[in-house]
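Below is one structure; the comments refer to it alone.
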Amino acid sequence: MKKIYSLVHLTDIHCPPPDFIRAAAQAGYDAVSLRTIPLGLPGESRFDIAADRALLRETRRAMEETGLYVNDVENARIAEGLDVRAHEPGLCAAAELGVKHIQCNVYSGEPGFYTEQLARLCELADTYGQTVEVEFVAWAKVADLAQALQMIRAAGRPDAGIVVDALHYSRSRVRFEEIEALPKTMFRIVHLCDAGAEIPTDRAGLIHTGRDARLYPGEGAIDFAPVLAGLPEAVRGVEVPNLVRLKQLGLVEHARRALESARRQDSPA
């Protein structure tokens, strides 16, 4: 069975989607994950393909030129003061590119609110033939596998999936046995990266590593090999934002080295 490797946009979050797709192709990837639903963060590079039709066309052109596809887009976040129906233009534009999976993080601490919002987002995504993939994030409100699973079950959406990111798996102290106990079909995407053994105790430290200083898979202290062995059909999203290496190597070489490292970690001993 061929394993699919996708380059995740956070690896170089300021790279426009068409250039990112072409760089991923040069580095040897099968697909990409794009951040085309803006978060509204300070300093964010907005690649809103729903509002920018020229960008959408150029992104499609890059896909046609390279043969790569967009496996998923992010980030359809659930947050206080935001109705997930606001994400519909992003889902519609993603559907025009053939995207089948929408990633979601949760930044609301109110279970009743985020459960209802997840159900609504899943219904909306379903109209475009898409699934919702919940990624638990160590510094978010839904921060571990148990919380993500509880939310999905409470929403009554067995079609929703869970993204397991190596960094958040480690930082949230998830055990492999928790994953092993669940149906493999819940896990359509995993994110590969690595980090040191020490887990920051403050939110700023967690965010710094997560957005600016990840290591190549197998280079640090995260034992993610059992997850990969247990989920052979999940798409491997390689997500290695590292500002120093990106500056030194450029995106193509940085992504190529990350892919080589991912494949080594993903190979049976």
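Do we find a residue being more than 22 Å from R22 (Cα to Cα), among the hydrophobic types (A, V, I, L, M, F, W, C) and either surrounded by 13 or more Cβ atoms within 10 Å (Cβ to Cβ) or at pLDDT 95 or above (or both) anywhere in the stretch 63-76?
Checked against the condition, which is being more than 22 Å from R22 (Cα to Cα), among the hydrophobic types (A, V, I, L, M, F, W, C) and either surrounded by 13 or more Cβ atoms within 10 Å (Cβ to Cβ) or at pLDDT 95 or above (or both), the stretch 63-76 yields at least one hit.
If you check A154 against the conditions, is it within 28 Å of E219 (Cα to Cα), modelled with pLDDT of 95 or more and not aromatic (F, W, Y)?
Judged against the criteria, A154 is not a match.
Of the conditions (1) farther than 30 Å from V142 by Cα; (2) in a helix (DSSP H, G or I), R85 satisfies every one except a single condition; which number is it?
The single condition R85 does not satisfy is (1).
Looking only at the stretch 196-216, how many residues end up being within 15 Å of H168 (Cβ to Cβ), small (G, A, S) and surrounded by fewer than 12 Cβ atoms within 10 Å (Cβ to Cβ)?
0
Looking at I207, I179, I222, which one is modelled with pLDDT of 90 or more, of a type in the set (A, V, I, L, M, F, W, C) and either in a loop (DSSP other than H, G, I, E, B) or out of contact with any helix residue (DSSP H, G or I) (no Cβ under 8 Å at 6 or more places or on another chain) (or both)?
I222
Mind checking which residues of the stretch 72-82 are aliphatic (A, V, I, L, M) and assigned to a strand (DSSP E or B)? Write out each step before concluding.
The first filter runs over the stretch 72-82 and keeps only residues aliphatic (A, V, I, L, M), leaving 73, 76, 78-79, 82.
Result: V73, I78, A79.
Hey, does the stretch 30-37 have a residue that's under 20 Å from N105 (Cβ atoms), part of a loop (DSSP other than H, G, I, E, B) and not small (G, A, S)?
Step one: of the stretch 30-37, the residues under 20 Å from N105 (Cβ atoms) are 32-37.
Okay, now just the ones that are also part of a loop (DSSP other than H, G, I, E, B), so 36-37.
With the extra rule that they be not small (G, A, S), the set shrinks to 36-37.
Looking through the stretch 30-37, at least one residue is under 20 Å from N105 (Cβ atoms), part of a loop (DSSP other than H, G, I, E, B) and not small (G, A, S).
For residues in the stretch 78-118 being touching a Phe, Trp or Tyr at 6+ places or on another chain (Cβ under 7 Å) and not polar (S, T, N, Q), which is surrounded by the fewest Cβ atoms within 10 Å (Cβ to Cβ)?
Of everything passing the filter in the stretch 78-118, G98 is surrounded by the fewest Cβ atoms within 10 Å (Cβ to Cβ).
Which of the residues belonging to the stretch 32-52 are within 15 Å of the chain's Cα centre (by Cα), of a type in the set (A, V, I, L, M, F, W, C) and surrounded by 20 or more Cβ atoms within 10 Å (Cβ to Cβ)? Lay out the reasoning, then the answer.
We begin by selecting, within the stretch 32-52, every residue within 15 Å of the chain's Cα centre (by Cα); these are 32-39.
In the following step, the residues that additionally are of a type in the set (A, V, I, L, M, F, W, C) were identified as 32, 34, 37, 39.
V32, L34, I37 - these are the residues of the stretch 32-52 that are within 15 Å of the chain's Cα centre (by Cα), of a type in the set (A, V, I, L, M, F, W, C) and surrounded by 20 or more Cβ atoms within 10 Å (Cβ to Cβ).
So which pairs qualify, if the first residue must be in the stretch 149-167 and over 23 Å from D194 (Cα atoms), the second must be of a type in the set (D, E) and modelled with pLDDT of 95 or more, the Cβ gap must be under 8 Å, and the two must be at least 6 apart or on different chains?
So the pair list comes out as A155/E116; D159/D126; A160/E133.
For the stretch 54-81, give me the residue count where each residue is over 17 Å from V132 (Cα atoms) and touching a helix residue (DSSP H, G or I) at 6+ places or on another chain (Cβ under 9 Å).
14
Got a number for residues in the stretch 1-51 being within 15 Å of A262 (Cβ to Cβ), in contact with a strand residue (DSSP E or B) (Cβ under 9 Å, 6 or more places away or on another chain) and among the basic types (K, R)?
Number of matching residues: 1.
The values are calculated or read from the model by the stated rules, or taken from the named source; none is laboratory data. Here the structure is a predicted model, which is why all the values come from computation and not from measurement. No Cβ is skipped: glycine too gets one built from the backbone with ideal geometry, and neighbour counts run over all protein chains shown.
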